[in-house]
Structure formats: structure tokens, C-alpha cells
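Engineer: This is the structure I have questions about; it appears just below.
The values are calculated or read from the model by the stated rules, or taken from the named source; none is laboratory data. Note that the structure is predicted; figures quoted are calculated from it, not measured. Glycine gets a Cβ as well: all are built from the backbone with ideal geometry, and neighbour counts include every protein chain shown.
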Amino acid sequence: MTNQLQLLQEPFHEKDIEWRVQRAMNTQKGNKAIVLAYVTNRAIMARLDEVFGIGGWKNEYKEWRDKGVLCGISVKIEGEWVTKWDGAEETNIEAVKGGFSGSMKRAAVQWGIGRYLYDLEEAWVDVKEKGANYINDKKANVKGYWDVPKLPSWALPNTSIEIIKGKYQTGKGSLEGFDEWYQSMTEKGMSNNDIDAVLTQQLLKKRAV
């Protein structure tokens, strides 16, 4: 289980991170917004598939409070189902869908998925005339566009030999033959990121069988 937890807690690629405005405000240096980073639900599901297999995890939902949703993510450990729960209120936009999505993300954090994002410093962005994302906060009287901030290097994947070993062991059941296999891959000119991608695809295919 220790190896599985390490795989669950690996940082995600930037494409798997979405940013949402927490609040906007007028400042002496122009309009600003504070944005928070979240792992997408699609990336969470892919991570669970990779680590536990398609049949090795499941989720379920329950009503919570007046307009909230509880999500339980269950994984099979040594033949037994273990469940961790968390909840979220419905959102102002796509209320029901937002509640389901938010509760699953919070339940995933209970398993360590994306938990590292809580260690990010508060991210401020400029609200300007052009950008990738639009904001119209009537309460704060802030309208315009903003770009997502860059993640620090520690919050991005750094495919080390230990991560590769962990995935190899998960797929093969042992580390026997790893050194020879790893050397053959590097002799083909493959980087650690390339090798990691190959192992990830192999794990997903194996879990799907």
C-alpha cells in the first residue's frame, strides 16, 4: 500500500490543473484576483485507474445538508473496500454538477491526490483587457481577463528513478529485471518522462484487463 500511496500523491502535469477565482478586488495597482488550483476530476479518475485499476476503485454520492453533496471514494486494499468521504456545497454555476465535482475532488484529497496543492502560496493575478480566462465579478466591480499563474517546480512532475521503479514494481509485481530493462530504455534515447509515460500506459492497459 505504501507504493500505491506514493503513486497517488505524485504531482500532476499543468494540463491536469484548473484554476478558479476565489475573490477579486480593486487595488492601487489595478484590478486583481486571487486564484486557487485544483486537480481536474478527469485526472483524478485517470490516477485511480492507473494505481488501482478500473475495477479496483469506485465512488458514490449522498445528499449533504440542504444543498450539499457527499462523495465517498472506495479503493480495494488486500481484497477489502476502504472508503473515505468528503463533501461540498452546490456551486452558483451548474449547481448540482458543481457539487458532485467539488465533493469528489475533496474526497480525492483524503487519499492524498492533489493534496500538495494546499501548500501553494496565495496566487494573485492581474485582471486585464486580454487573457485566457474571463471574470465578471459584479459585487467587486471587477471585469476582464486573467492568465493562470505558473506552478513552482516542486509542484510539477519530476520523474525520478524511484517513481519509475515504483510503477515498474506495481506492474510486474517485483523489481526483478528492472536494471536491465531501464538500461535498454535509456539506450533507445528515452528520457525518464518518456519511460514514465510508457509505464503509465502499460499500467492502464493491465488494469483494464
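Engineer: Which number in (1) outside the structural domain of Asn31 (by TED's automatic domain parsing); (2) loosely packed, with under 13 Cβ neighbours inside 10 Å; (3) outside any helix (DSSP H, G or I) marks the one condition that Gln183 misses?
Structural biologist: Unmet for Gln183, out of (1) outside the structural domain of Asn31 (by TED's automatic domain parsing); (2) loosely packed, with under 13 Cβ neighbours inside 10 Å; (3) outside any helix (DSSP H, G or I): (3).
Engineer: Hey, another quick one. Quick check on my filter: what residues within the stretch 13-31 are more than 15 Å from Ala132 (Cα to Cα), in contact (Cβ under 8 Å) with a residue 60 or more places away in the chain and either in a strand (DSSP E or B) or touching a strand residue (DSSP E or B) at 6+ places or on another chain (Cβ under 8 Å) (or both)?
Structural biologist: The answer is Arg23, Ala24, Met25, Asn26, Gly30, Asn31.
Engineer: Something else: Among Val39, Val51, which is the only one that is among the hydrophobic types (A, V, I, L, M, F, W, C), within 25 Å of Asn133 (Cα to Cα) and touching a residue at least 40 places away in the same chain (Cβ under 8 Å)?
Structural biologist: It is Val39.
Engineer: Here's another thing I want to ask about it. Which of the following residues is under 17 Å from the mean Cα position of the chain (by Cα), assigned by TED's automatic domain parsing to the domain that holds Asn136, farther than 24 Å from Leu203 by Cβ and not aromatic (Phe, Trp, Tyr): Val35, Val39, Val69?
Structural biologist: Val35
Engineer: Still on this model: I'd like to know if the stretch 163-170 contains one or more residues that are outside any loop (DSSP other than H, G, I, E, B), among the charged types (D, E, K, R), in contact with a Leu (Cβ under 9 Å, 6 or more places away or on another chain) and not assigned by TED's automatic domain parsing to the domain that holds Lys67.
Structural biologist: yes
Engineer: Still on this model: Taking the condition in contact with a helix residue (DSSP H, G or I) (Cβ under 9 Å, 6 or more places away or on another chain), in a loop (DSSP other than H, G, I, E, B) and either in the same structural domain as Asn31 (by TED's automatic domain parsing) or closer than 25 Å to Val39 by Cβ (or both), does Leu175 pass?
Structural biologist: Here the answer is no, as Leu175 does not meet what is asked.
Engineer: Consider Asp137 against the criteria (1) crowded, with 18+ Cβ neighbours inside 10 Å; (2) assigned by TED's automatic domain parsing to the domain that holds Phe12: it satisfies all of them except one. Which criterion is unmet?
Structural biologist: Looking at each condition in turn, Asp137 falls short on (1).
Let's see how each residue does on (1) among the charged types (D, E, K, R); (2) in contact with a strand residue (DSSP E or B) (Cβ under 6 Å, 6 or more places away or on another chain):
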| residue | (1), (2) |
| --- | --- |
| Asn133 | no, yes |
| Lys138 | yes, no |
| Lys143 | yes, yes |
| Glu162 | yes, no |
| Tyr168 | no, no |
| Ser184 | no, no |
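Engineer: Does any residue of the stretch 193-200 turn out to be under 22 Å from Glu18 (Cβ atoms), outside the structural domain of Ile44 (by TED's automatic domain parsing) and touching a residue at least 40 places away in the same chain (Cβ under 8 Å)?
Structural biologist: Within the stretch 193-200, one or more residues are under 22 Å from Glu18 (Cβ atoms), outside the structural domain of Ile44 (by TED's automatic domain parsing) and touching a residue at least 40 places away in the same chain (Cβ under 8 Å).
Engineer: Out of the stretch 167-181, which residues are on the phi > 0 side of the Ramachandran plot and modelled with pLDDT of 90 or more?
Structural biologist: Within the stretch 167-181, just Gly177 meets the criteria.
Engineer: Could you please find all residues in the stretch 5-30 being among the β-branched types (Val, Ile, Thr) and in contact with a Ser or Thr (Cβ under 8 Å, 6 or more places away or on another chain)?
Structural biologist: Within the stretch 5-30, Ile17 is the sole residue that qualifies.
Engineer: Would you mind finding the one in Val51, Val148, Val125, Val82 that is in a helix (DSSP H, G or I) and surrounded by 12 or more Cβ atoms within 10 Å (Cβ to Cβ)?
Structural biologist: Exactly one residue qualifies, and that residue is Val51.
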